[in-house]
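Here the structure comes first, spelled out in structure tokens, and everything after it is commentary.
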Amino acid sequence: MICFPNAKINLGLNIVSKRSDGYHNLETIFYPIGLKDALEITPAKLDVPFRFMQSGIPIQGNPDDNLVIKAYNLFAEHINISPIDIHLLKAIPFGAGLGGGSSDAAFMLNLLNKTFSSGLSVEDISNMAAKIGADCPFFIYNKPAFATGIGDKLELIELNLSNYYFVLVKPDFSVPTKDAYSMITPTIPELSLKEIVKKPISEWKNLMINDFELPVFKKYPKIKKIKEQLYDLGAIYSSMSGSGSSVYAFFEHPVEVSLPDNYFIWTNAES
């Protein structure tokens, strides 16, 4: 059985307070986009529970730390799983604020639930996903959502941006999450993103803010330049996604983006 874990973007991101556990309370809007990995599991005759194979964008580090494997291990604590081969084709770039790893984990839980007919509910799977990462539950529902807490409290919203031409750009470097948070001073926004998103997209530019942009742009001016270039091309709204290095923009018509060859560029025309 195969599935296609997709990326997300953050429409605005406000860091509202620091928690006693060291995390931060935030508010943001998660919006799914069509940039996808591919994840497949097949029955296998093995002497071990699973075999993990990966292609596409290379994954650094210990394979046991991969969120797909963490999802498998978590699911296996509840449901008996016969041996399988797991193949992950990675296309969503890392360190970009796109939630690729969390998406892979959430889709793995759903895939196992369907394959082995475990009967676990969406809520059961969502609670399981929350143990892997704060944004993992979003990918269980995979619909636009207003997120609070550490990104784990979700309220689904009506939002459709598919009529706009979408461009995503990631430079050839990432922004470490810890560094990004260390540069933030939490503040409560004057107007909630939940209200801003109801306004026409043409008004978002002056209202919808990602709190990470100001400090990150100072340290990484190349990211700021990408956003400026997208607005110069006529973007209706452009922003950095999450705390990562990617920048996205919405246009009313297709555009040609000229950037260095080593930059990752994706548009919704490719989905």
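The values are calculated or read from the model by the stated rules, or taken from the named source; none is laboratory data. Remember, predicted model here, so these are calculated numbers, not experimental data. Counting neighbours? That spans all protein chains shown, and the Cβs are built from the backbone with ideal geometry, glycine included. All accessible areas refer to the heavy atoms of the entire protein, side chains included, with ligands and DNA or RNA removed. Shrake-Rupley method; radii C 1.70, N 1.55, O 1.52, S 1.80 Å.
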Exercise. Work out, step by step, the length gained on full extension between residue 188 and residue 81: first 0.36 nm times the residue separation, then minus their alpha carbon distance; give nm to one decimal.
Key: 34.0 nm
Practice problem: Return the sequence-ordered ³J(HN,Hα) values of the range 251-261 in whole Hz as given by the Karplus equation 6.51 cos²θ - 1.76 cosθ + 1.60 applied to θ = phi - 60°, using x for Gly and Pro. | Solution: 10, 7, 8, x, 9, 9, 9, 9, 9, x, 4
Quiz prompt | Portion, in percent, of the accessible area of the range 137-238 that falls on carbon or sulfur, probe 1.4 Å | solution = 50 percent
Self-check item: Contour minus Cα-Cα distance for residue 60 and residue 218 (0.36 nm per residue)
Solution: 54.1 nm
Exercise. Starting from the residue with the highest accessible area, list 23, 237, 263 in decreasing order, probe 1.4 Å.
Key: 23, 263, 237
Practice problem: Express the relative contact order of the chain as a whole percentage, based on alpha carbon pairs under 8 Å and six or more residues apart in sequence. | Solution: 24 percent
Quiz item: What accessible surface, in Å², does a 1.4 Å probe find on residue 270, ignoring ligands, DNA and RNA and rounding to the nearest 10?
Solution: 110 Å²
Practice problem: Along Cα→Cβ, 7 Å out, is where each label goes; now give me the distance between the ones at residue 232 and residue 163 in nm to one decimal. | Solution: 3.0 nm
Exercise. Mark the label point 7 Å from the Cα of residue 179 along Cα→Cβ and return the residues of the range 208-227 whose backbone N is within less than 17 Å of it.
Key: 212-226
Quiz item: For the residue pair residue 42 and residue 114, what label-to-label distance in nm results when each label sits 7 Å from Cα along the Cα-to-beta-carbon direction?
Solution: 1.8 nm
Exercise. Could you tell me what percent of the accessible area of the range 1-126 is made up of carbon and sulfur, with a 1.4 Å probe and every protein chain present?
Key: 53 percent
Exercise. Would you please name the trypsin sites (Lys or Arg not before Pro) within the range 41-92 that are DSSP coil residues with at most 15 other C-beta atoms within 10 Å of their C-beta?
Key: 45
Quiz item: Amide H to amide H, which residues 5 or more places from residue 237 or on other chains are under 5 Å from it, using H placed in the peptide plane?
Solution: 250
Quiz item: If you compute Cα Rg over 2.2 N^0.38 Å for the structure shown, which of (1) 1.20; (2) 1.37; (3) 1.02 do you land on?
Solution: (3)
Quiz item: Among 179-189, 29-39, how do they line up from the highest to the lowest mean number of other beta-carbon atoms within 10 Å?
Solution: 29-39, 179-189
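Using the beta-carbon distance between residue 153 and residue 205 and R0 = 41 Å, what value does 1/(1 + (r/R0)^6) give for FRET efficiency, to the nearest 0.05?
On the way: r = 27 Å, r/R0 = 0.66.
Given R0 = 41 Å and the Cβ-Cβ separation, E is 0.90.
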Self-check item: Across 18/131; 114/198; 8/153, pairs whose alpha-carbon gap is larger than 24 Å
Solution: 114/198
Quiz item: Among 261, 85, 152, what's the order by accessible area (1.4 angstrom probe), most exposed first?
Solution: 261, 152, 85
Quiz item: Taking only protein heavy atoms and a 1.4 Å probe, what accessible area per residue, in Å², does the chain have with all protein chains in place?
Solution: 49 Å²
Practice problem: Treat each spin label as a single point 7 Å out from the Cα along the C-beta direction, and report the residue 265 to residue 143 distance in nm. | Solution: 3.5 nm
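Can you order the peptides 8-17, 73-82, 221-230 by their average number of other Cβ atoms within 10 Å per residue, highest first?
Packing proxy ranking, top to bottom: 8-17, 221-230, 73-82.
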Quiz item: With the contact rule set at Cα under 8 Å and sequence spacing of 6 or more, what percent relative contact order holds for the range 135-238?
Solution: 20 percent
